[in-house]
Amino acid sequence: MGIRFVLMVNKQGQTRLAQYYEYLTLEERRALEGEIVRKCLARNEQQCSFVEHRNYKIVYRRYASLFFLVGVDNDENELAILEFIHLLVETMDRHFGNVCELDIMFHLEKAHFMLEEMVMNGCIVETSKANILAPIQLMDKA
Amino acid sequence: MALSGMRGLSVFISDIRNCQNKEQERLRVDKELGNVRTRFKNEKGLSPYEKKKYVWKMLYIYMLGYDVDFGHMEAVSLISAPKYPEKQVGYIVTACLLNENHDFLRLAINTVRNDIIGRNETFQCLALTMVGNIGGREFAESLAPDVQKLLISSSCRPLVRKKAALCLLRLFRKNPDVVNVDGWADRMAQLLDERDLGVLTSSMSLLVALVANNHEAYWSSLPKCVKTLERLARNQDIPQEYTYYGIPSPWLQVKTMRALQYFPTIEDPNTRRALFEVLQRILMGTDVVKNVNKNNASHAVLFEALALVMHLDAEKEMMSQCVALLGKFIAVREPNIRYLGLENMSRMLLVTDVQDIIKRHQAQIITSLKDPDISIRRRALDLLYGMCDITNAKDIVEELLQYLSTAEFAMREELSLKAAILAEKFAPDLSWYVDVILQLIDKAGDFVSDDIWFRVVQFVTNNEDLQPYAAAKAREYLDKPAIHETMVKVSAYLLGEFGHLLARRPGCSPKEIFSIIHEKLPTVSSFTVSILLSTYAKILMHTQPPDPELQNQIWAIFNKYESCIDAEIQQRAVEYHAMSRKGAALMDILAEMPKFPERQSALIKKAEDTEVDTAELSAIRLRAQQQTSSALVVTDQRPANGTPSNTQLGLVKIPSMSSNVDHNLPDQDISHENGTLSIVDPQPPSADLLVDLLGPLAIEGPPSSDVQSQPNIVPGFEDAPNAAEATAIVPVGEQANSVQPIGNIAERFHALCLKDSGVLYEDPNIQIGIKAEWRAHQGRLVLFLGNKNTGPLVSVQAIILPPSYLKMELSLVPETIPPRAQVQCPLEVVNLRPSRDVAVLDFSYKFGIDMVNVKLRLPVVLNKFLQPIPVSAEEFFPQWRSLSGPPLKLQVVRGVRPMPLLDMANLLNNLRLMVCSGLDPNPNNLVASTSFYSESTRAMLCLVRIETDPADRTQLRMTVASGDPTLTFELKEFIKEQLVSIPTVSRAPTPAPPVPQPTSPVAALTDPGAMLAGLL
């Protein structure tokens, strides 16, 4: 399966974007987000970017006030996911120009479009920023 | 700004953002939901724009964690909107809100299909993405051919094809048949020639899923993967857009190497060479650089390469290169790399034999056990657990114990379980094992499960050497001011059983032991109280001559609990009270617990059973499977007197077969708590731990009134093992088999020691029967190998590992046993000289993917070469007198299981020692004679005399005489083992083996265990 979910959460623990690639009920999502946010946000800069949770792993990265948390299977390549997060951020940067929490909040749909171009069915589809952003730019022009 | 597109949405989001607390947020959300609901309900003519806005609001609210139970239809209906913006929202929001089983989704199938086969690329992409994310079985059935067509179409643009690849992956997972079309494997291989990196990345993910499911079909893709890897890693033949910090798509490199790990091996030498060249380049060429992102990306590739090298079982040189790299990684400061170094070292342990090299890093790994980061500590713990063996067990377990005091709660349970398992598996000596477990209980009692202390009791009971030590230790812990209840349980049990062994030590008189245990009684649970009562009864029994003061004290306690509301306690109090007033009868009933039968460690089983899916525990599983063989390796335990084969106290082995050991502790707990007076199954159903530990004292079976009329009842016999167990040093069943045997192998062996045909081994695939004939010092056995399956068993191998005293010749065993066929393999045996060692059959076969290997003791034992002969008084006495003194005549005085004389006579007859009645003038004595046959001794007369004491059936003197010192010694030991402990009963409800084997009632009767069971 690979990627099970992508979460963006601010440092107060508020969810800014949630995309799941396996179906969870609302209760399961709430519980899961609560648990992993508690676990990950309590960690400091000197600690590693991987947290084991239940039967999978969270690979996470912090950018200013925003945390990107990606849930993956245990045998997933952790560093590849870690850099995939960065690729996502760079892609958003290219589109928004120095992306911040507010951009994602108020352009939820665009954040979703970008993620949708990058991940599908838990697998990486595209890693070229130009290709990822092409449909969005097309729409902006229209 | 772009939010001008949907002003209402932005306003709503700002409102939410400005909420001061969760309550305000909820109110605002409720208001909005009400608003959206009315809009959807009342206004028929919502514009697509409005619909879009509301649907986004719903998604936003859903993301915040509020239930949105309406409006799904509106979201789905947007899918059929003619314009891209609305359609896009429809697809995306539908994929977020609905799951594959949602009814509305079915309504959209046709629209989705039209979009997929339509000419609008952007619509195609949207539809493929949604199906790829949430498509179910119905989608798979109706859309798969269209999706396949798009994926391989040459007229389709990459942006559509890459989505088609992952969409097909989803459909394949829903219904694997969608790729079972002719020529698909070739198409797949062709796909890997793709130049576009997006399509290639997606196709590689598809390939990984297909190969993981069935690698055989996709061999032709293997060289393509290697080519792709060469293209990326070596030639860097890739558009600029796809390099990431100068590294050619690290994600595609990783995925490609992952795909390669699903092929079991690479046969073509050229492909293999090419791949190793690339891998070597990655291993050597990855340097640590300043830029974090570049560093991470290159190490992502490096770690995947390491995994692939391990998988391919590369040459030794490359392997040690890998270990060296990992050794470097676990020492760096950068936490991510250190974490991954530890993780991959654990994985490496599982695939290759690098334990020795990894051990060099032990100190470094222990440092990581103290790291402030719990993720790293977990990896270190897992690795230490994996690398532990007999050479480093002491160090590692002591580290774990030390860490236990400071570890956070989240890790304590895992830590204690792991420490307990390691201590058990690799104890250099048993007293160390006892020390470790007691420390564990002391430091983390809450996390020490019952299994752990049950296990200590088993070891102590089965090893006489250990008993005084364990009792003394338990006594010491009782002096500590506040001890955990588990410590009370284990100490009380040990002191009840073995406290008398400390009799002369200070502070260890029965009275003192009693009073220090009794101090704890007010603070313990009722379950523990019942253990304490048993302990008191045992103390009373061991206090000879009785101490009236102690007696009165204890009786007073029994008296008090006779009206206890807890039925279990009440029953014990009543019974112990009644019995302890009977004086001598108490001795028989409360005699020392019999040894426990061998069984798989409940801990290891537990580790195997619990949380199969967590990473660390699945690692335990694998290790456990690999290592069960070495379970409790005890170092040199030779007695000082130099009789080399006297291993009576010897090794306790933990058989790795989980066989029929069935611990249903909860049930047991319930029955104890209910205090049902007759939980009692006259044949305790299994070797259940709790039954063993607590049952016999709880006097199962007849209600208490009957007990008094049957002073000879000796409960617990059913589970007593055969002492021969302890002498067969062969670690029976040291296999890591996935196929579990049916029935208890040890019991089958013991049964066959007393009869000449029966089943030696059985599992779901095969049954091995045995039939034997004996003539003097020669024997002829036939092994019946019966294939129970409809498929053949292949790679069948049977190797006999004979001890030096036997000459054994096994006829050729065919390599394949056809389905449902039985093969007979004769085995010729010649007995060279007397010995109690046991021959072992190392048997292996392969069925499907299961490789099974078992080591089975063969029932070619000393008594098979005996021929009972009657002797008259005239023959006996001259012989007896002529064989005078050691080494030809040996005596042994033993505390044995009390057994009526008649039973003992039957036992001897079953062992082919003929009891000659009337020879000995004393009716309490037995005299038996037999001939032993071996090549060195020829026929040799053996005489046995057993003198018993009617007043104390636990004492006897046995004298064995023969013309050969070795024979005398071996025979004496052999009989002693039979007398000291009672052979295992073949339990009544064992499934009747369907082999060509006469399970006649006669056979059952000749089994002394069965006889004993009958007597009970």
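The values are calculated or read from the model by the stated rules, or taken from the named source; none is laboratory data. Quick caveat, the model's predicted, so the values are computed rather than measured. Quick reminder, even Gly has a Cβ in these numbers, built from the backbone with ideal geometry, and neighbours come from all protein chains shown. What goes into the accessible areas is simple: the full protein's heavy atoms, side chains included, and nothing from ligands, DNA or RNA. Shrake-Rupley method; radii C 1.70, N 1.55, O 1.52, S 1.80 Å.
Points worth noting:
- Proximity of backbone amide H atoms, modeled 1.01 Å from N, is registered between A:Arg16 and A:Met8, A:Val9, A:Asn10 at under 5 Å, excluding neighbours fewer than 5 places apart on the same chain.
- Heavy-atom accessible area with a 1.4 Å probe sorts B:Tyr933, B:Tyr242, largest first, into B:Tyr933, B:Tyr242.
- Rounded if a/c under 1.5, otherwise prolate or oblate - chain A, Cα gyration tensor axes: prolate
- Net charge in the neighbourhood of B:Leu283 (other residues with Cβ under 13 Å of its Cβ; Lys, Arg +1, Asp, Glu -1) is -3.
- Annotation: amide H of B:Arg857 within the under-5 Å range of B:Leu841, sequence separation 5 or more or interchain, hydrogens built in the peptide plane.
- The heavy atoms of B:Arg272 offer some 60 square angstrom of accessible surface to a 1.4 angstrom probe.
- Distance between the range B:789-815 and the range B:235-284 - C-alpha centres, whole angstrom: 45 Å
- Cα centroids of the range A:76-142 and the range B:336-413: 38 Å apart.
- Global size of the range B:874-953 as Cα Rg and Dmax, reported in angstrom: 13.5, 43
- For the range B:372-422, the list of GluC sites (Glu not before Pro) that fall in a loop by DSSP and count at most 13 other C-beta atoms within 10 angstrom reads B:Glu408.
- Of the GluC sites (Glu not before Pro) in the range B:296-330, those whose Cβ has at most 11 other Cβ within 10 Å and which sit in DSSP loop: B:Glu315
- One way to sum up the overall shape of the range B:233-282 is the equivalent ellipsoid from its Cα gyration tensor, whose semi-axes run 23, 13, 8 Å, largest first.
- Heavy-atom accessible area with a 1.4 Å probe sorts B:Arg106, B:Arg836, B:Arg912, largest first, into B:Arg106, B:Arg912, B:Arg836.
- Environment charge at B:Thr968 (Cβ cut-off 13 Å; Lys +1, Arg +1, Asp -1, Glu -1): +3
- Residue order by solvent-accessible surface for B:Trp219, B:Trp432, B:Trp774 is B:Trp219, B:Trp774, B:Trp432, largest first, with ligands and nucleic acids left out and a 1.4 Å probe.
- Peptide packing for B:382-389, B:182-189, B:120-127 was compared via the average number of neighbouring C-beta atoms within 10 Å per residue; ordered from the highest value, the list is B:382-389, B:120-127, B:182-189.
- Residue-wise HN-Hα coupling along the range B:463-468, computed from phi with Karplus coefficients 6.51, -1.76, 1.60 (Hz; x: Gly, Pro): 10, 4, 4, 7, 4, x
- For B:Gln955, residues with placed amide H under 5 Å, excluding near neighbours: B:Val896, B:Asp949
- Heavy-atom accessible surface that B and A bury in contact, both chains counted, 1.4 Å, Å² to 100: 5900 Å²
- Peptide-level mean, for B:66-75, of C-beta atoms on other protein chains within 10 Å: 1
- Peptide B:15-24 is shielded by partner chain Cβ atoms: per residue, an average of 1 of them sit within 10 Å of its Cβ.
- From phi via Karplus (6.51, -1.76, 1.60), per-residue ³J(HN,Hα) for the range B:277-284 in Hz, x at Gly/Pro: 4, 5, 4, 4, 4, 5, 4, 7
- Rotationally averaged projected area of the range B:723-860 (alpha carbon convex hull; nm²): 7.7 nm²
- Quotient of the Cα radius of gyration of the range B:317-402 and 2.2 N^0.38 Å, N being its number of residues: 1.00.
- Across peptide B:302-310, the average count of Cβ atoms from other chains found within 10 Å of a residue's Cβ is 1.
- The order of the peptides B:897-910, B:524-537 by mean Cβ neighbours within 10 Å, most packed first, is B:524-537, B:897-910.
- Cross-link pairs beyond the 21 Å C-alpha cut-off, checked among B:Lys807/B:Lys972; A:Lys129/B:Lys57; B:Lys807/B:Lys864; B:Lys394/B:Lys480: B:Lys807/B:Lys972; A:Lys129/B:Lys57; B:Lys394/B:Lys480
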